[in-house]
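Down below is the structure, laid out as structure tokens.
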Amino acid sequence: MHGFSDEERDRIREELLEVGREKVLAFGLKKTNVADITEPIGIAKSSFYLFFDSKAELYLEIMRHEVDEFTENLDNELDGVDDPREGFERLCWCYKAFVENNPLVQQLFREDDYRMFRDTVPPERLAEIEQEGVAEIVPYIEFFQERSDGLLAERDPVTILGLVGMIELLALHREDYEEYDEDYYEQVQELLITTLARGLTAD
């Protein structure tokens, strides 16, 4: 690849991901440019495009790594759990922790970064990304659907996943809830997760 050996190519790609993550966390996606990422690595700006088509594609790859870590944690959390109510509730709590504690997810919550991301990535690529995200979580939902006699078993797993997405919507507006009361946000999230788990798995 333009003078890079296979070993150099693998190393540079990993460094681009590592430095890119650091820069996005420090300055945000919108304010981070390609040169900010390539200079610390010691490659030309033009060489960046030998590895990624755009800054947005680099960000997508970074987020893919974050999602992989999330699913690994989810595997550990759900290991040995067969009860659909307990399993679905644990899934929701894991997702809540991911959207609240992952700094890259929090970064994307910023209006400028989210708008920049949506404007940069082609619609068909966004659709592909959404489908990939759904495909990561649906097998867990299907596993507990097979063990449930309630609404969880009756509804399409993607629709169930849409309910789980309400956790992220609440997290997005966390500050609005905390303006009402310091513990209000946590109380609402806890009630939402408990209600979803009990309601969907009730016989």
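Values in this text are rule-based calculations from the coordinates and carry no lab data. Keep in mind the model is a prediction, meaning the values are calculated, not measured. Every residue, glycine among them, receives a Cβ derived from its backbone with ideal geometry; neighbour counts consider all protein chains shown.
Peptides 84-93, 128-137: what's the order by average Cβ count within 10 Å, highest mean first?
84-93, 128-137
Provide Rg over Rh for the chain; use the alpha carbon set for both Rg and the Kirkwood Rh (inverse mean inverse pair distance).
On the way: Rg = 19.7 Å, Rh = 19.0 Å.
Result for the chain is an Rg/Rh of 1.04.
Under 17 Å Cα to Cα from K31, which lysines show up? Leave out anything in the same chain fewer than 8 places away.
Result set, ordered by chain and number: K23, K45, K55.
When the chain is treated as a GNM, springs tying every alpha-carbon pair under 10 Å, which of V67, V188, V105 comes out with the largest mean-square fluctuation?
Highest fluctuation of the listed residues: V188.
Just tell me, in residue order, which DSSP H segments of the chain are both 20 angstrom or longer along the helix axis (alpha-carbon based) and at least -0.5 in mean Kyte-Doolittle hydropathy.
Answer set is 123-145, 157-172, 184-201.
How big is the charge dipole of the stretch 1-52 about its Cα centre, in debye rounded to the nearest 20, if each Lys and Arg gets +1 on its Cβ and each Asp and Glu gets -1 on its Cβ?
For this selection, approximately 360 debye.
Tell me, L17, L192 in order of fewest to most beta-carbon neighbours within 10 Å?
Values: L17 19, L192 16.
In increasing order of surrounding Cβ atoms, one gets L192, L17.
Taking +1 at the Cβ of each Lys and Arg and -1 at the Cβ of each Asp and Glu, which of P103, G162, A127 sits farthest along the dipole of the chain towards its positive end, judged by Cα position relative to the Cα centre?
A127
How charged is the neighbourhood of E128? Take every other residue with its Cβ under 15 Å from the Cβ of E128, and add Lys/Arg as +1 and Asp/Glu as -1.
Surrounding charge for E128 is -4.
Of the residues S54, S46, S148, which exhibits the maximal mean-square fluctuation in a Gaussian network model of the chain defined by a 10 Å Cα contact cut-off?
S46
For n ≥ 4 DSSP H runs only, could you compute -39500 (n - 2.57) per run for the chain, divide by its residues and tell me the 222 nm figure to the nearest 500?
When only DSSP H runs of four or more count, the value is -24500 deg cm²/dmol.
Given Cβ point charges of +1 (Lys, Arg) and -1 (Asp, Glu) and nothing else, what value in debye, to the nearest 20, does the dipole of the chain about its Cα centre take?
Approximately 800 debye in magnitude.
Enter the Cα centre distance for the pair the stretch 118-145 and the stretch 1-54, rounded to the nearest angstrom.
26 Å
Taking 8 Å as the Cα distance limit and 6 or more residues as the minimum spacing, I'd like the relative contact order of the stretch 54-201 as a percentage.
30 percent
Hey, what did the stretch 1-52 get for relative contact order, percent, Cα under 8 Å, at least 6 apart?
Relative CO of the stretch 1-52 lands at 33 percent.
Among A26, A171, A56, whose mean-square fluctuation peaks in a Gaussian network model of the chain (Cα, cutoff 10 Å)?
Highest fluctuation among the options: A26.
Report the trypsin sites (Lys or Arg not before Pro) located in the stretch 92-131 that are in a DSSP loop and have at most 15 other Cβ atoms inside 10 Å of their Cβ, or state none. Walk me through the numbers on the way to the answer.
Numbers: sites: K96, R110, R115, R118, R125; in loops: R110.
Sites meeting the loop and neighbour criteria: R110.
Within 10 Å of each candidate Cβ there may be at most 13 other Cβ atoms; applying that plus a DSSP loop requirement, which trypsin sites (Lys or Arg not before Pro) in the stretch 1-72 survive?
For trypsin sites (Lys or Arg not before Pro) across the stretch 1-72 that sit outside H, G, I, E and B with at most 13 neighbouring Cβ atoms in 10 Å, the list reads K31.
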